[in-house]
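K.L.:
Below is the structure I would like to discuss, written out as structure tokens.
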Amino acid sequence: MGARRIGRERALQALYQMEMSALRPEDALETAWNAEPEGPPDPEAERFALELVQGVIDHRDEIDALIEQHSHNWRLDRMARVDRNVLRLAVFELKWRPDIPKKVTLNEAVELGKAFGTEASSAFVNGLLDRIALDVEQQR
């Protein structure tokens, strides 16, 4: 598995933990890394995970506003925590990481939804992110 995919997984786990408790980003990421038996984290994956978590935190109000704007009949606080945080990670990448191709971000978000969410997560995430990605592209 690539460093960025692992970084995204740990970032998702950290964001989820931060919603459940009052952990600081660094502590949530440390907990996510320590929960995996694969040994010490790859430095590139670790750096990428921290960039994602910090980016979501720094831009959370704007990210959440975009998600709510495009999620018809779904308030952010009513979404499953995993889905909400997968969306936050992907929206951060779409809007503030132009070095990551849109297709990669969308595919990775769908995969995270499949791996960590419910049966419906990947379809929900995919549909909503398609609308958001279109909006982000038009704003550029």
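K.L.:
Go through [x] 14.5, 40; [y] 14.0, 43; [z] 18.5, 62 and flag the label whose value is the computed Rg and Dmax of the Cα atoms in Å for this structure.
P.N.:
[y]
K.L.:
Using alpha carbon centroids, what distance separates the range 18-54 and the range 94-140, in Å?
P.N.:
Their Cα centres are 21 Å away from one another.
K.L.:
What part of the accessible area of the chain, given as a whole %, is carbon or sulfur when the probe is 1.4 angstrom? Mind dumping the intermediate values first?
P.N.:
On the way: 3720 of 7540 Å².
Roughly 49 percent, rounded to a whole number.
K.L.:
What's the local net charge at Gln138, with K and R +1, D and E -1, over the other residues with C-beta under 14 Å away? Could the numbers behind the result be given before it?
P.N.:
Working: positive: Lys95, Lys102, Arg131, Arg140; negative: Asp130, Asp135, Glu137.
So the environment of Gln138 carries a net charge of +1.
K.L.:
Something else now. Accessible area of Leu94, 1.4 Å probe, to the nearest 10 Å²?
P.N.:
We get 10 Å² for Leu94.
K.L.:
Using Cα pairs under 8 angstrom and six or more residues apart, how large is the relative contact order of the range 5-52, in percent? Don't jump to the answer; show the numbers that get you there.
P.N.:
Values: 40 pairs, mean separation 24.4, N = 48.
After rounding, I find 51 percent.
K.L.:
Using a probe radius of 1.4 Å on heavy atoms only, what accessible surface per residue do you get for the chain? Whole Å² is fine.
P.N.:
Numbers: 7540 Å² over 140 residues.
Solvent-accessible surface per residue comes out at 54 Å².
K.L.:
So how tilted is helix 3-20 from the main axis of the chain? Cα-based, degrees 0 to 90, rounded to 10.
P.N.:
80
K.L.:
Could you go through the range 74-91 in sequence order and give the Karplus-derived ³J(HN,Hα) for each residue, using 6.51 cos²θ - 1.76 cosθ + 1.60 with θ = phi - 60°, rounded to whole Hz, and x for Gly and Pro?
P.N.:
Whole-Hz 3J(HN,Hα) from phi for the range 74-91: 10, 7, 4, 6, 9, 6, 4, 4, 4, 4, 4, 7, 4, 4, 4, 4, 5, 5.
K.L.:
Here's another thing I want to ask about it. For helix 43-58, report the angle its Cα long axis makes with the longest principal axis of the Cα atoms of the chain; keep it between 0 and 90° and round to the nearest 10°.
P.N.:
Relative to the chain, helix 43-58 is tipped by roughly 40 degrees.
K.L.:
Further question: For the range 27-128, what relative contact order do you get, as a whole percent, if you take Cα pairs closer than 8 Å and at least 6 residues apart? Walk me through the numbers on the way to the answer.
P.N.:
On the way: 69 pairs, mean separation 22.4, N = 102.
The normalised contact order for the range 27-128 reaches 22 percent.
K.L.:
Compute the angle between helix 60-70 and the longest alpha-carbon principal axis of the chain, please, reported from 0 to 90 degrees and rounded to the nearest 10.
P.N.:
With both axes taken from Cα atoms, the answer is about 40 degrees.
The values are calculated or read from the model by the stated rules, or taken from the named source; none is laboratory data. Computed from a prediction, not measured in an experiment: that's the story for all the values here. FYI the Cβ positions are ideal-geometry reconstructions off the backbone, even for glycines, and counts take in every protein chain you see. Keep in mind that these areas ignore ligands, DNA and RNA; they rest on the heavy atoms of the full protein, side chains included. Shrake-Rupley method; radii C 1.70, N 1.55, O 1.52, S 1.80 Å.
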